[in-house]
1. Of all residues in region 1-36, how many are over 23 Å from residue 109 (Cα atoms), open to solvent by less than 30 Å² (accessible area, probe 1.4 Å) and in contact with a helix residue (DSSP H, G or I) (Cβ under 7 Å, 6 or more places away or on another chain)?
2. Could you go through region 205-212 and let me know if any residue there is of a type outside the set (A, V, I, L, M), at pLDDT 95 or above and open to solvent by 70 Å² or more (accessible area, probe 1.4 Å).
3. Identify the residue in region 194-204 that is in a helix (DSSP H, G or I) and in contact with a helix residue (DSSP H, G or I) (Cβ under 9 Å, 6 or more places away or on another chain) and, among all such residues, is least open to solvent (accessible area, probe 1.4 Å).
4. Can you find a residue in region 51-66 that is among the β-branched types (Val, Ile, Thr), under 18 Å from residue 116 (Cβ atoms) and either open to solvent by 40 Å² or more (accessible area, probe 1.4 Å) or out of contact with any Phe, Trp or Tyr (no Cβ under 6 Å at 6 or more places or on another chain) (or both)?
5. For region 128-138, state whether one or more residues are at pLDDT 95 or above, assigned to a helix (DSSP H, G or I) and open to solvent by less than 30 Å² (accessible area, probe 1.4 Å).
6. Output the residue which, of all residues in region 169-193 that are in a loop (DSSP other than H, G, I, E, B) and free of Cβ contacts under 8 Å to residues at least 40 places away in the same chain, is surrounded by the most Cβ atoms within 10 Å (Cβ to Cβ).
7. Quick check: anything in region 33-42 among the aromatic types (Phe, Trp, Tyr) and within 16 Å of the chain's Cα centre (by Cα)?
8. Return only the number of the condition from (1) without any contact (Cβ under 8 Å) to a residue 24 or more places away in the chain; (2) closer than 30 Å to residue 193 by Cα that residue 64 does not satisfy.
Amino acid sequence: VYQKLLKSYGEQNWWPAETPFEVCVGALLTQNTAWRNVEKAISNLKRRKLLTPEKILECQKEFLEELIRPAGFYRQKAKYLKNFCNFIINSGGLENLKRKELETLRGELLKLKGIGKETADSILLYALEKPVFVVDAYTKRLFYRLGILQREKENYEKVREIVEVSFSCEPDRLRTFKEFHALIVEHCKAACRKKPLCNNCCLWKLCRYAKI
């Protein structure tokens, strides 16, 4: 599946951000909203030169809420951002966090309010360079239609384990997990939609769901 997607779409070179901290902010803001809305919020933060943990902590809560309003749930997300920035600073910065073991760091992230498994793993993979696979709704949809999962609403950890075990012998798991996750997103936007465009699908021969 990975090789077919890579051949069809090419390398994606995700995450779309200029710095690791911007990746983290994007991962937090993209919950329950479209990426185009996140881009507007991040653009607001950049324009005000607030895209650092220190500046976000210094920023008045009401002003921060207004800047990230395009991303939706802006009051909650402003709290989550400030909590996360506190965590970064108290941990000695992102570079210091990178030195921690994957499971230890994952556990610490999951204890933070507003950070679930998908958000934590996005931060780990794309900002902190840890080889963990990010599972999202696109992943579950695609794997269910391909017959890899028996149900679409499968347990997050089970899906993650399936992928990570399958690539256990891969020499560069970090790069592969980044590409595979990004390719799945691209494919599900282009072809494997809620109403699939099976005629545009490079995986239709593998798919039990295909209508061709």
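1. 2
2. Checked region 205-212: no residue is of a type outside the set (A, V, I, L, M), at pLDDT 95 or above and open to solvent by 70 Å² or more (accessible area, probe 1.4 Å).
3. It comes out as 198.
4. So far as region 51-66 goes, no, none of its residues is among the β-branched types (Val, Ile, Thr), under 18 Å from residue 116 (Cβ atoms) and either open to solvent by 40 Å² or more (accessible area, probe 1.4 Å) or out of contact with any Phe, Trp or Tyr (no Cβ under 6 Å at 6 or more places or on another chain) (or both).
5. Among the residues of region 128-138, not one is at pLDDT 95 or above, assigned to a helix (DSSP H, G or I) and open to solvent by less than 30 Å² (accessible area, probe 1.4 Å), which makes the answer no.
6. Only one residue fits best here, namely 191.
7. yes
8. For residue 64, the exception is condition (2).
The values are calculated or read from the model by the stated rules, or taken from the named source; none is laboratory data. Bear in mind that the values here come from a model prediction, so they are computed numbers and not experimental data. Quick reminder, even Gly has a Cβ in these numbers, built from the backbone with ideal geometry, and neighbours come from all protein chains shown. Accessible surface is based on the protein model in full, side chains and every heavy atom, while ligands, DNA and RNA are left aside. Shrake-Rupley method; radii C 1.70, N 1.55, O 1.52, S 1.80 Å.
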